[in-house]
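Each value in this text was obtained by applying a stated rule to the coordinates, not by laboratory testing. These numbers come from a predicted model, not from an experiment. Virtual Cβ from ideal backbone geometry, glycine too; neighbours counted across all protein chains shown.
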Amino acid sequence: MKVQQISTEVSAAINDISELVHDRSISESEKNQRLDLLKASVIAKIDAEENTITFAGKVFLKEIKEIVAAEDWAVLPKPNAIKNTLSEMKTLVVILSSLEQQLMPTMEAIQRLFIEAALKQIQNLSDSELSAVSKQWGAATTQFQRSEEAAALERTSGIITAAVGIGVAVMSLAAKAVVTAYSMNKFNAAKPDKELSDRLTDTNKLQDDAQIKLSKSRQELESVDTKIAQAKDRITHSKEKLQDKSLLAPGKKILEEQIKHDEADFKAAQVRRAELDKSITAQEKQYTEASKISDRVSEAIEGRTAKASREVQMFRAFLDMTDSLASTFQNISKIITATEFDYKAAQKKIESEMAAFMVNFFQSNLQNVKNSASQVSDGMNSVKSSCDASLQIFDDSVKLAVRS
């Protein structure tokens with residue numbers, strides 16, 4: 001299964017539109033104009049992407065395309081999140097390619113090795129068939145000795161087969177226990193810890209507090225600006241009335257007092273406005289810093305979560321491979337048993353019968369040789385099937401890792 005990376009062109013296009021969406025330094029009108037220009041280009045590049053990328057890559061591109069097409073900019077991931085996702089996909093493709101290059105040739109080598117050995121054994125059995133016809137057997141005194149040896153070999157074959165089966169099962173359980181313990185340690189080390197969660201909670205609270213203070217200060221600034229404008233209008237209006245020559249002294253005095261009062265309010269509002277300008281500048285800086293800290297902590301948690309997920313998938317793949325290899329070793333033991341002990345036991349039986357029944361020897365010998373050859377052939381087919389199954393399980397395990 002050959003998979004490709006998401007192309008650099010598509011990755012750059014997605015990153016560019018994410019940076020534009022989350023850029024707070026430009027106005028909304030300018031941002032919308034630029035997004036209209038990028039939207040069609042990003043969708044076209046995603047549609048043109050090759051179909052040989054991973055399943056996870058296809059799902060990611062589909063989600064991005066739907067967000068861009070619907071112009072649902074609020075849910076578009078931030079540039080750092082997109083970069084992390086693309087980096088994880090690149091790492092996954094490298095791991096899959098490495099496993100494909102290393103494991104599959106190894107399994108094929110095992111398959112080829114034992115098939116060649118079995119073919120050689122079949123050739124030996126064929127040679128034995130020809131040589132058996134020319135052999136002459138001596139004395140009938142060897143009959144009981146050969147029968148006893150045949151029984152011993154059959155008993156040894158049964159013991160070995162049972163022992164190998166038990167040994168393989170124990171080794172499989174031991175391997176699973178080791179893999180489970182190792183994977184659990186890797187998962188616990190990779191997953192987000194309580195310290196990261198507490199940091200995220202604290203930084204989010206800090207960011208929220210800064211945003212609330214900034215919003216209140218901006219509202220107060222608008223109120224102060226209104227007061228300044230109103231005081232300025234009152235002062236201008238009162239001064240215009242003072243120009244009226246028909247105005248009597250008492251009225252003139254009242255206007256002058258009103259002007260003094262409005263000018264005092266005007267100066268106080270200006271002082272307060274200057275204080276608010278400084279406060280808002282400081283609060284904006286505090287909010288920006290809190291946002292950066294929150295983003296870094298969120299990225300760290302997302303990275304740890306993704307790493308823990310990869311450990312779980314690799315753990316499942318290793319367990320599947322352990323089961324497959326155990327089955328392969330059991331079938332290998334069948335070939336060894338058939339070619340060594342079962343075949344020798346058959347020969348000993350033939351030797352025992354030859355001492356009394358020379359006429360029936362050749363037919364019995366040929367039949368037992370054919371049986372041994374059939375056992376070897378069956379074992380060879382079983383090994384081939386197990387190796388093929390191992391390759392299929394590996395491919396399925398890799399596909400499962402890709403889907404994650």
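For a straight C-alpha distance cut-off of 18 angstrom, the aspartates and glutamates reachable from Lys205 (same-chain residues fewer than eight places away being disregarded) are Glu195, Glu284, Glu289, Asp295, Glu299. Calculated over region 186-300, the projected area of the Cα convex hull averaged across directions stands at 8.5 nm².
Rounded to the nearest 20 debye, the dipole size of region 1-77 about its Cα centre is 240 debye, using +1 on the Cβ of Lys and Arg and -1 on the Cβ of Asp and Glu. Estimated at 0.36 nm per residue, the fully extended path between Gln243 and Lys267 surpasses their Cα-Cα distance by 6.3 nm. The Leu196 and Ala169 beta-carbon pair, evaluated with R₀ = 51 Å, returns a calculated FRET efficiency of approximately 0.80. Excluding Arg234 itself, calculate the net charge of residues whose Cβ lies under 10 Å from the Cβ of Arg234, where each Lys or Arg counts +1 and each Asp or Glu counts -1. Here the charged neighbours net out to -2. Structure note, pairs Lys83/Lys278; Lys216/Lys241; Lys31/Lys213; Lys252/Lys278; Lys62/Lys216; Lys227/Lys285: Cα-Cα distances above 30 angstrom occur for Lys83/Lys278; Lys216/Lys241; Lys252/Lys278; Lys62/Lys216. Amide H contacts for Gln4 (H built 1.01 Å from N in the peptide plane; partners 5 or more residues away or on another chain; cut-off under 5 Å): Ile53, Thr54.
Electrostatic tally near Thr203: other residues with Cβ closer than 13 Å to its Cβ, Lys and Arg +1, Asp and Glu -1, net -4. Within a straight-line Cα-Cα reach of under 18 Å, Lys267 can be paired with the following aspartates and glutamates, leaving aside sequence neighbours fewer than 8 residues apart in one chain: Glu220, Glu222, Asp225, Asp233, Glu256, Glu257, Glu275, Asp277.
So what's the net charge close to Ser7: Lys and Arg +1, Asp and Glu -1, counting the other residues with Cβ under 12 Å from its Cβ? Combined, the nearby Lys, Arg, Asp and Glu give -1.
Taking each residue as 0.36 nm, the span from Tyr182 to Gln258 lengthens on full extension beyond its C-alpha to C-alpha distance by 19.0 nm.
With the simple spin-label model, which puts each label point 7 Å out from Cα in the Cβ direction, the Leu35 to Ser87 separation comes to 2.7 nm.
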